[in-house]
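**Q** Got a structure for you, questions after.
The values are calculated or read from the model by the stated rules, or taken from the named source; none is laboratory data. Predicted, not measured: the structure shown is a model, and the values here were computed from it. Note: ideal-geometry Cβ built from the backbone for every residue, glycine included; neighbour counts use all protein chains shown. Protein only, heavy atoms only, side chains kept; ligands, DNA and RNA dropped before computing areas. Shrake-Rupley method; radii C 1.70, N 1.55, O 1.52, S 1.80 Å.
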Amino acid sequence: MAEKPQPVQVLYCGVCGLPAEYCEFGPDFEKCKPWLIQNAPDVYPDLLKEANAKETDKVSDQLQSTSISAGGGSSTSKPEEVKRLPGGKIKKKDKQEVIIEKVVRNKRKCITTVKGLELFGVKLSDASKKLGKKFATGASVVKGPTEKEQIDVQGDISYDIVEFITDTWHDVPEAAIFFIEDGKKVPAV
Amino acid sequence: MFKKFSSEEVSAQNQVKASVQRKIRQSIAEEYPGLEPVIDDLLPKKSPLIVAKCQNHLNVVLVNNVPLFFNIRDGPYMPTLRLLHQYPNVMKKLQVDRGAIKFVLAGANIMCPGLTSPGGALDDDVAEETPVAIMAEGKQHALAIGFTKMSAKDIRAINKGIGVDNMHYLNDGLWKTERLD
């Protein structure tokens, strides 16, 4: 057999995930720059020059007035830490809250939907199982209106569920649990 | 095509039977003779091959949950960019000029002038309806995988309109889906 072609190791940017040379076309080149300077200086020689120029500027600044704190200078070059989706879209910080809503199905039957448990790192399938077991009803993970997954539990359990949630998942504070009553958000406590 | 793609698009995922697996291997080996020496590494005979069926008649071939190839309907299998970056010489390459990069990375199809301009390059052997790697002026790595709409000669001759359909490009949904489970 012919010799195996070795897989090429491609340098992917640690910030945006693209191959380093495509960072300039990536979602946010500015964010990648510090990483590139450190890890792939040869891909963008201009960048290094630029950085060096800045550096020398800074040095000369410091020479001029030693009173300027070095911390102030370096903090500007530090990348802001913003959580980013791989797509580069700024991840909207979803408010961490659990929303409980009672939907009346037909007069005396209802469904309790629980939204937002996943924001606390709870696995929804596990959660639905636990809920079903605890309340001896059907509980399932369903896709909600906005493509988000929620748990539907049969029956009206809205009062017991708060205690149950806080007991089973200690990460979920009671203050983060809300009811929806008449279209208004009401804190559970 | 993969502009929006995530695990939610997958409608069914199943381990395929050995005969289908063999077929897939065979068609990949046929399409990409350059991959033949390494195909045993890529698609180990032992480990299960999973095909994820997605919307729009799209199939993604997974090994150990890593997407490696995709195809549409019964079309040719195309490697994902991550795989292509590792074995860049298995596909025919077309090169676009620098100005086009931005648009290609936004998911645009590749227009003929971008390929015929001084910054672009064309492999004259490329026929129509074949998968190609889209390279870019001054870059080492592929930035997209395309499916030619015209042959290279036609691209040169007509020099207008869409030359290559953009199937999969850097930073699209499939690129971001490093693992699918």
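**Q** Quickly run through segment A:112-150 and pick out the residues that are assigned to a loop (DSSP other than H, G, I, E, B) and either open to solvent by 70 Å² or more (accessible area, probe 1.4 Å) or at positive phi (or both).
**A** A:Gly116, A:Gly121, A:Lys123, A:Ala136, A:Pro145, A:Thr146, A:Glu147, A:Lys148
**Q** If you don't mind, there's one more thing I want to ask. Restricting to segment B:1-42, name every residue that is in a loop (DSSP other than H, G, I, E, B) and farther than 19 Å from B:Thr177 by Cβ.
**A** Matches in segment B:1-42: B:Val16, B:Lys17, B:Tyr32.
**Q** Which one of B:Asp97, B:Asp74 is open to solvent by 30 Å² or more (accessible area, probe 1.4 Å) and more than 22 Å from B:Leu143 (Cα to Cα)?
**A** None of the other options fit; the residue is B:Asp74.
**Q** Further question on the same structure: Given the conditions (1) at positive phi; (2) more than 14 Å from chain A (Cβ to nearest Cβ), report the number of the one that B:Gly138 does not fulfil.
**A** The failed condition is (2).
**Q** For segment A:151-176, what are the residues that are farther than 16 Å from A:Lys115 by Cβ and assigned to a strand (DSSP E or B)?
**A** A:Gln154
**Q** Checking the conditions here, which among B:Ile134, B:Ile158 is touching a strand residue (DSSP E or B) at 6+ places or on another chain (Cβ under 8 Å), among the hydrophobic types (A, V, I, L, M, F, W, C) and within 15 Å of B:Asn109 (Cβ to Cβ)?
**A** Going through B:Ile134, B:Ile158 in turn, the sole match is B:Ile134.
**Q** Still on this structure, please answer the following. Scan (1) under 30 Å from A:Cys32 (Cα atoms); (2) at pLDDT 85 or above for the single condition A:Ala139 breaks and write down its number.
**A** The one condition A:Ala139 does not meet is (1).
**Q** Could you list, in sequence order, the residues of segment A:1-16 that are at the interface with chain B (Cβ under 7 Å from one of its Cβ atoms) and either open to solvent by 60 Å² or more (accessible area, probe 1.4 Å) or at pLDDT 80 or above (or both)?
**A** Hits for segment A:1-16 are A:Met1, A:Ala2, A:Lys4, A:Val8, A:Val10.
**Q** Yes or no: segment B:159-169 includes at least one residue that is within 28 Å of B:Val16 (Cβ to Cβ) and outside any strand (DSSP E or B).
**A** Within segment B:159-169, not a single residue is within 28 Å of B:Val16 (Cβ to Cβ) and outside any strand (DSSP E or B).
**Q** In segment A:21-38, how many are over 20 Å from B:His85 (Cβ atoms), in a helix (DSSP H, G or I) and among the charged types (D, E, K, R)?
**A** Here the count works out to 3.
**Q** Report the residue count in segment B:87-111 for those that are among the aliphatic types (A, V, I, L, M), within 14 Å of another protein chain (Cβ to nearest Cβ) and either farther than 14 Å from B:Ala136 by Cβ or not in a helix (DSSP H, G or I) (or both).
**A** Residues in segment B:87-111 being among the aliphatic types (A, V, I, L, M), within 14 Å of another protein chain (Cβ to nearest Cβ) and either farther than 14 Å from B:Ala136 by Cβ or not in a helix (DSSP H, G or I) (or both): 6 in total.
**Q** So, one more: When you look at A:Phe25, is it within 9 Å of chain B (Cβ to nearest Cβ), surrounded by 16 or more Cβ atoms within 10 Å (Cβ to Cβ) and free of Cβ contacts under 8 Å to residues at least 24 places away in the same chain, yes or no?
**A** Against the criterion (within 9 Å of chain B (Cβ to nearest Cβ), surrounded by 16 or more Cβ atoms within 10 Å (Cβ to Cβ) and free of Cβ contacts under 8 Å to residues at least 24 places away in the same chain), A:Phe25 qualifies.
**Q** Could you tell me which residue of segment B:1-28 is modelled with the lowest pLDDT, considering only residues that are buried (at least 16 other Cβ atoms within 10 Å of the Cβ) and over 13 Å from B:Phe70 (Cα atoms)?
**A** B:Glu9
**Q** Out of curiosity, is A:Asp42 more than 7 Å from chain B (Cβ to nearest Cβ), of a type in the set (D, E, K, R) and either closer than 22 Å to B:Ala100 by Cα or open to solvent by less than 30 Å² (accessible area, probe 1.4 Å) (or both)?
**A** In short, no.
**Q** With the requirement that a residue be open to solvent by 80 Å² or more (accessible area, probe 1.4 Å) and not aromatic (Phe, Trp, Tyr), what does segment A:157-189 give you?
**A** Within segment A:157-189, A:Asp160, A:Glu163, A:Asp167, A:His170, A:Asp171, A:Glu174, A:Glu181, A:Asp182, A:Lys184, A:Lys185, A:Val189 meet the criteria.
**Q** Are any residues in segment B:160-180 more than 14 Å from chain A (Cβ to nearest Cβ) and open to solvent by 60 Å² or more (accessible area, probe 1.4 Å), and if so, which ones?
**A** Once the filter is applied, which keeps residues that are more than 14 Å from chain A (Cβ to nearest Cβ) and open to solvent by 60 Å² or more (accessible area, probe 1.4 Å), segment B:160-180 yields B:Lys160, B:Ile162.
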